[in-house]
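Down below is the structure, laid out as structure tokens.
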Amino acid sequence: MTDVVTPSEHLPPPQNTWGEWIWKSFFGSVSNTLFTLAFGAFVVWVLSSVAGWMVLDAVWRVEDRDLCGHGAGACWAVIEDRWRLIFFGLYPYEEQWRSSIACLALALTIVLSCVPKFWSVRRLPVLWLAGFSVFVALMRGGFAELTLVTTEQWGGLSLTLFIFASVFLIGMPLAVVFALARRSSFPVIAKGMGVFIDVVRSLPLLAILFSAAVVIPILVPDWLQSSKLARVIVAFAVFFAAYQAEIIRAGLQSLSEGQEEAALSLGMPYWSVILDILMPQAFRNTLPSTINQAVITFKETSIVTVIGFFEIMASGRAVIGTDEWGAQFVEIYVFLGLVYFVFVFGLSRYGAWLEKRMRVGHG
Amino acid sequence: MSALLRSKRIQSMAIQGGFVAIFVAIIASLVFTGARNIEAQGIASGFGFLERSTGWPLAFSVIETTPRSTYSEVLLAGLLNTLLVGGLTLVFATILGLCIAFMRISNNLLARLTGTAYVEIFRNVPAILQVVFWYAVLTHLPRPRGAYSVGEVAFFSNRGFVLPAPVLSGLDAIILALGFLALIGAFVFASRLQLTARAKLGAIGAFVVLAVVVWLTGRAPDTPLISVPELAGLRFVGGVTIPPEFLGLLIGLSFFGAAYVGEIIRGGLLSVDTGKLEAGASLGLSPWQINRLIRIPLAFRAMLPALSNQYIWLMKATTLGLVIGFSDFFAVISTSINQSGQTLELIALLMGGFLILNYALGTGMNAINQRLKIKGRS
């Protein structure tokens, strides 16, 4: 007799509710349960001590600063007392509103350039040039009623953002040029560029910035020399471009050769083929890597503090350098870490979202 | 003539020739200006200064240096410091990264969340900030008199960690290091040399015997086998002291690097085709065997290129030692520039040093990659 399966035996597949799923992932097996209990205790201990230190036992107001150092908590009074120094550096006190608006304008530029609507070869550079000009005009002043504030007085977060934006702005076109030179049909140029990119990539950024600060004054005639800040930014941009060029090159290589040949055989001029056919696709294909590179660049702006610029790392450390708040070094470093975290985490989440979106096939 | 001008080959040669000419002109002008500026400053150019003694001490050095050491010795010491801290960073970042990667792919939600939190926190804060933070924490430990101790043999104070250490001369250390390298080599080439498990065990045994013999015989008479640190006045005597500059750099870079290395390893593990894992399971392999025989070998191949990039990045990041006063290669170069004024020569040495270092690291990783590559595919 053959087994007859009656319809009633077709049970529905087991439905895992959320509760069951969570239960299973914590206590699914004996070893899992043991791990959850032991490790869970550790995690709870860490979280409760961090929460106690950061929030519950913390001293928040400058008025209560005498309590600092006696309790077990953080002393956030230092931030309330010194946030202007950390964010604006030595920028004149009365003019600091300009610095905040300038930072907001630049932040807005960064956010807008993340919107797919602005992704075109013509819109993006215009957007960035506009945002950057607004930033520099506000920071520098010297027109209308705004007093002139030279770059020597810039500092804190605005200097960090300035360095990041100018490195990006100079580095991006440079990277396109590097990438095109690297795959040029002239062997001398392609090989030479290849060696140059490899050399730059194998040197530490700090060494390159340091060389720009001390070597260029020796090697370059006086009339060509600019301020130390400009030299360091250009060197940083070259470093960025060497990495970004390899990303763009990978994007160009991922396109089929037929595209370029088809465009050329239609009689399109070389620059049009590059700007209208190849570059948009190469950029789109490598967007996640490009954002990753931007994230790395933002973090690495902190290195210029070593060369003696007063960006946010340096201004934070200046607060610790005073006798008054010297003991609050952990609070300052945690605060600086949070500031970087907000920018970097936001950007990298955005990159991850884009990658997911492209994998689905919308790209 | 016009045909000659239109010829692609001639055009291409002319353009390339033009580029080379411009390049040479720029270099020539740099050299010319540089030579004039150096002459104006009255500094003798050339590498003769390498034989002069420096007149300043190194705070930390693997090999012994004094203020009378020559520039070449001090620079070598700096390079060795970089290699030591960089090498240890790679080791620690890899071990920690491996733990993070396995946590992030585990079945346990708690482990996954912790792994993710670790990666997001340590990856999204600049390395320099982390290095400076750990250095500040280490230098705010109690003074030697109130140092934290582990069983009165190891001490943690603001002067660094003081640990008991076997008494070894420099020669002993070199012998042991060579022996250890030979042991590693034997394991790396185990398959080519057709070593059996017993031969491998024998190799380990031989190394242990060598270590014990060197340890027992190499020391000067009347010195103890193990030097235990003791508090004497305001500082510790005996043992081996690991200064806070070294530890700050090592901890900061290891934690930062582990977040990246962990992600690379996780990516490699996830890149292994599930079909291959299921095939292993249907052949009756145990989960451990699937991991050991299928998943890890395949994942390792997939992650090697990214891993070697990350290793090179970490090696370069040791230059952050300058910020906290660790005498790494870059810090030594920087001090030398201040003291001797031989800027161009020292910058050239700096670049040359890092080019060689990273080229060696890249070549080594490439060689491993080539050896492991699945044969028959490109």
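Bear in mind that the values in this text are calculations on the coordinates, not laboratory data. What you see is a predicted model; the values in this text were computed from it and never measured. With ideal geometry, Cβ positions are generated from the backbone for all residues, glycine too; neighbour counts draw on all protein chains shown.
Considering only A:Ala245, A:Pro280, A:Leu264, the residue lying farthest towards the positive end of the dipole of the stretch A:90-360 is A:Leu264, judged by Cα position with unit charges set on Cβ. Remark: mean inter-chain Cβ contacts per residue of B:29-36 equal 3, using a 10 Å Cβ-Cβ cutoff to other protein chain atoms.
Sequence-ordered 3J(HN,Hα) estimates for the stretch B:342-347 from the Karplus curve with 6.51, -1.76 and 1.60 and θ = phi - 60° stand at 7, 4, 4, 4, 5, 5 Hz, glycine and proline given as x.
Per residue of A:23-31, other chain Cβ atoms within 10 Å of the residue Cβ number 2 on average. Sorting B:224-235, B:124-135 by their mean Cβ neighbour count within 10 Å, with the most densely packed peptide first, gives B:124-135, B:224-235. Compactness check for the stretch A:90-360: Cα Rg over 2.2 N^0.38 Å is 1.10. Based on alpha-carbon centroids, what's the gap between the stretch B:56-78 and the stretch B:5-47 in Å, whole number please? Computed from Cα coordinates, the inter-centre distance equals 37 Å.
Stokes-Einstein diffusion for the stretch A:132-209 at 20 °C, viscosity 1.002 mPa s, with a Kirkwood radius from C-alpha pairs, works out to 140 µm²/s. With the convex hull of the Cα atoms taken as the outline of the stretch B:224-363, the averaged projected area works out to 14.3 nm². Placing +1 on each Lys and Arg Cβ and -1 on each Asp and Glu Cβ, with no other charges, gives chain B a dipole about its Cα centre of roughly 1500 debye.
Computed from point charges on the beta carbon alone (+1 for Lys and Arg, -1 for Asp and Glu), the dipole magnitude for the stretch A:90-360 about its Cα centre is near 800 Debye. Note on chain A: dipole from Cβ charges, positive end direction compared against A:Ala51, A:Leu157, A:Ile307; the farthest Cα belongs to A:Ile307. Charging the Cβ of each Asp and Glu at -1 and of each Lys and Arg at +1, and nothing else, the dipole of the protein assembly as shown about its Cα centre rounds to 2220 debye. Mean residue ellipticity, 222 nm, helices only, chain B: the sum of -39500 (n - 2.57) across DSSP H runs of n ≥ 4, divided by residue count and rounded to 500, is -22500 deg cm²/dmol. When you work out D = kT/(6 pi eta Rh) for the stretch A:48-115 at 4 °C and 1.567 mPa s, using the Kirkwood radius from C-alpha pairs as Rh and the Stokes-Einstein form, the result is 90 µm²/s. Working note: Cα gyration tensor of the stretch A:41-160, eigenvalues times five, square-rooted, sorted largest first, giving semi-axes of 38, 24, 9 Å. The amide H of B:Ser157, built 1.01 Å from its N in the peptide plane, has B:Val162 as neighbours under 5 Å, considering only residues 5 or more places off or on other chains. Taking every residue in A:38-45 and counting other chain Cβ atoms within 10 Å of its Cβ, the average works out to 2. Calculated mean residue ellipticity at 222 nm for chain A: -21500 deg cm²/dmol, from DSSP H runs with n ≥ 4 weighted as -39500 (n - 2.57), summed, divided by the residue count and rounded to 500. Please report, to two decimal places, log10 I(q)/I(0) for chain B at q = 0.14 Å⁻¹ as given by the Debye formula with identical point scatterers on the Cα atoms and no solvent. With no solvent term, the Cα-only Debye profile gives -1.41. At what distance in angstrom do the alpha carbon centres of the stretch A:208-284 and the stretch B:124-201 lie from each other? What the calculation gives is 43 Å, centre to centre. Across the stretch A:121-127, coupling constants 3J(HN,Hα) worked out from phi with the 6.51/-1.76/1.60 Karplus curve, θ = phi - 60°, read 4, 9, 6, 4, x, 4, 4 Hz, and Gly and Pro carry x.
The alpha carbon centroids of the stretch A:76-122 and the stretch B:79-122 are separated by 33 Å. Rounded to the nearest whole Hz, the Karplus-based 3J(HN,Hα) values (6.51 cos²θ - 1.76 cosθ + 1.60, θ = phi - 60°) of the stretch B:150-161 follow the sequence 10, x, 6, 10, 10, 10, 10, 9, 6, 8, x, 9, with x at glycine and proline. Each distinct pair of alpha carbons in the protein assembly as shown adds a 1/r term; the inverse of their mean, the Kirkwood radius, is 30.0 Å. Amide H to amide H distances under 5 Å link A:Ala58 with A:Ala74, where only residues 5 or more positions off or on other chains count and H is placed in the peptide plane. Put simply, the amide H of B:Val240, placed in the peptide plane, has neighbours under 5 Å in B:Leu163, B:Ala165, leaving out anything fewer than 5 places away on its chain.
Scaled against 2.2 N^0.38 Å for its residue count N, the alpha carbon radius of gyration of the stretch B:320-373 is 1.52.
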